[in-house]
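The values are calculated or read from the model by the stated rules, or taken from the named source; none is laboratory data. Nothing here was measured: the structure is a model prediction, and the numbers come from that model. Backbone-built Cβ (ideal geometry, glycine too); neighbour counts: all protein chains shown. For accessibility, only protein heavy atoms count, side chains too; no ligands or nucleic acids. Shrake-Rupley method; radii C 1.70, N 1.55, O 1.52, S 1.80 Å.
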Amino acid sequence: MPNRRRPGPGIDPSRRRLLQQSACGFGALALGDLLRAGAAPKGDDLRPRLPHFAPRAKRVVFLFMHGGPSHIDTFDYKPLLQRDHGKPLPFPKPRVTFAETGNLMRSPYAFRQHGASGQWVSEIFPHIASVVDKLCFLKGLHGSNDAHGGALLKIHTGSDTFVRPSIGSWAIYGLGSENQNLPGFVTICPTLGHGGVNNWSSAFLPAVYQGTPLGNASVPSSQAAVRHLHGEMPVGRQRRMLDLLQDLNGEHAAARPGDDVLDARIQSFELAFRMQMEAPGVLGVDTETAATKRQYGLEDQRTANFGRQCLMARRLLEAGVRFVQVTHSYKWDQHGNLEPDHRRNAAEVDQPIAALITDLEQRGLLEDTLVWWGGEFGRTPTSEGGTGRDHNPHAFTHFLAGGGVREGISHGGTDDYGYYAATDRMHVHDLHATLLHLLGLDHERLTYRHAGRDFRLTDVEGKVARAILA
């Protein structure tokens, strides 16, 4: 527990009352969302812990494309779909669909093979095509929910129906963080819809493992920062004020033994204080060179917003944050106008993603940093309204880079038209089991006892895709 000193006789009683009444303001320094839910047993913290076995990756950056990118218009090339444009799908559609769709619709984009690996990439991703030999495509993914809310929760927490801890929370619960002055799990400009905070929640895990949001999807990334920093106040004065606050909180906690949420709140004040010393420097991308800013696209209006998020993510990873999420929200839901909208979306993220992968490699970080790209589901090969595609949880593509995965390969595949995962199928639980394995965590052993049973990210399922391990 933090040191709780009693105030000396010189403390003005009115000041003491003021500080006591403004305790919530101190709590808002940085981690209000950290305390939303869950209990934090005494002693829970972010100190590094040993993995179950030797890890291939030490940290993760999740580049989340909110809305559901079309796999068959990005990385899953289907020649028969091009040939059979306008014809009926030659096999049954799913029994339950999100909306009515018509006949087959070819991709409006040209595909080419790239790199020594010859991986197929759509024309809308020329920069990612340049680093394709670093990528491991997962083309046999499938989920269980064709609505955005359920599908987002499934990708982030493993459950589309219940509030469960997010994968970022599970990662730092298992491994802790490499920097005690920053949160172990940060999400940059996250969406507030389709599950919102539940997508980065610690749920019933101790509250210290909650994701810490920087901004949200409604504000530009240039405004994504830790709120309520008191840079104008001397550190020593802040420390004395916090000591007094902790003394008051200690008296309050002593009268409420076993109140684990209160313990978590008290711990959060200390982390929030330490964050003030380090977070501004880490998030200050203006100190980067002009060449680096150009590399990430900060000088281009199209790429500046997502490019800044990716650059912030690299700096957080470099500073020891265990799990960082970057969200491109909410733009990939093309029920119509697929051709112009997917092209525009790709133009916003293509250069920053390639820059992040290249930058991590140049800094010697890619080897033990797992880059994870993807959305909540794919799209149908059949048309909706003639110009768009419907939601498709039965097949979609993600890719990984670095962090111990094989380079320049595609694992798994879909049918001839891309409607269903067909070979080396990976359910979302299999994806999660594989990601945890790369971090040195056995998904069957990473459990937490709650409400009389042991919970885990993968529920009672999940198989590691060992074929993708380097």
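Residue by residue, here is whether (1) farther than 18 Å from residue 144 by Cα; (2) at pLDDT below 95; (3) of a type in the set (Lys, Arg); (4) not in a helix (DSSP H, G or I) holds:
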{"position": "397", "(1), (2), (3), (4)": "no, no, no, yes"}
{"position": "407", "(1), (2), (3), (4)": "yes, no, no, yes"}
{"position": "417", "(1), (2), (3), (4)": "yes, no, no, yes"}
{"position": "429", "(1), (2), (3), (4)": "no, no, no, no"}
{"position": "432", "(1), (2), (3), (4)": "no, no, no, no"}
{"position": "436", "(1), (2), (3), (4)": "yes, no, no, no"}
Legend entry - From the options 36, 95, 47, 106, residue that is charged (D, E, K, R) and at pLDDT 95 or above: 106
Legend entry - Filter pass, residue 208 being open to solvent by 10 Å² or more (accessible area, probe 1.4 Å), among the β-branched types (Val, Ile, Thr), part of a helix (DSSP H, G or I) and at pLDDT below 90: yes
Inset, instruction - Can you tell me which residue among 303, 382 is under 22 Å from residue 225 (Cα atoms) and open to solvent by less than 10 Å² (accessible area, probe 1.4 Å)? - result: 303
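Residue-wise test of (1) touching a residue at least 60 places away in the same chain (Cβ under 8 Å); (2) β-branched (Val, Ile, Thr).
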residue	(1), (2)
215	no, no
223	no, no
236	no, no
244	yes, no
281	no, no
287	no, yes
Legend entry - In segment 133-167, the residues that are within 18 Å of residue 448 (Cβ to Cβ), under 18 Å from the mean Cα position of the chain (by Cα) and either surrounded by fewer than 24 Cβ atoms within 10 Å (Cβ to Cβ) or at pLDDT below 95 (or both): 159, 163
Inset, instruction - Within segment 213-232, identify whether any single residue is part of a strand (DSSP E or B) and not aromatic (Phe, Trp, Tyr), and answer yes or no. - result: yes
Inset, instruction - State whether the residues of segment 70-79 include one that is of a type outside the set (S, T, N, Q), surrounded by fewer than 21 Cβ atoms within 10 Å (Cβ to Cβ) and either touching a residue at least 12 places away in the same chain (Cβ under 8 Å) or assigned to a helix (DSSP H, G or I) (or both). - result: yes
Inset, instruction - Scan segment 272-326 residue by residue and report those that are touching a strand residue (DSSP E or B) at 6+ places or on another chain (Cβ under 6 Å), not in a helix (DSSP H, G or I) and not aromatic (Phe, Trp, Tyr). - result: 321, 322, 324, 325, 326
Inset, instruction - State whether one or more residues within segment 345-356 are farther than 20 Å from residue 68 by Cα, open to solvent by less than 10 Å² (accessible area, probe 1.4 Å) and touching a Phe, Trp or Tyr at 6+ places or on another chain (Cβ under 8 Å). - result: yes
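Yes or no, residue by residue, for (1) open to solvent by 10 Å² or more (accessible area, probe 1.4 Å); (2) closer than 19 Å to residue 436 by Cβ; (3) among the hydrophobic types (A, V, I, L, M, F, W, C); (4) in contact (Cβ under 8 Å) with a residue 12 or more places away in the chain:
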{"site": "365", "(1), (2), (3), (4)": "yes, no, yes, yes"}
{"site": "392", "(1), (2), (3), (4)": "no, no, no, yes"}
{"site": "395", "(1), (2), (3), (4)": "no, no, yes, yes"}
{"site": "406", "(1), (2), (3), (4)": "yes, yes, no, yes"}
Legend entry - Subset of segment 438-462 (residues that are outside any helix (DSSP H, G or I), in contact (Cβ under 8 Å) with a residue 24 or more places away in the chain and under 19 Å from residue 403 (Cβ atoms)): 439, 440, 441, 442, 446, 457, 458, 462
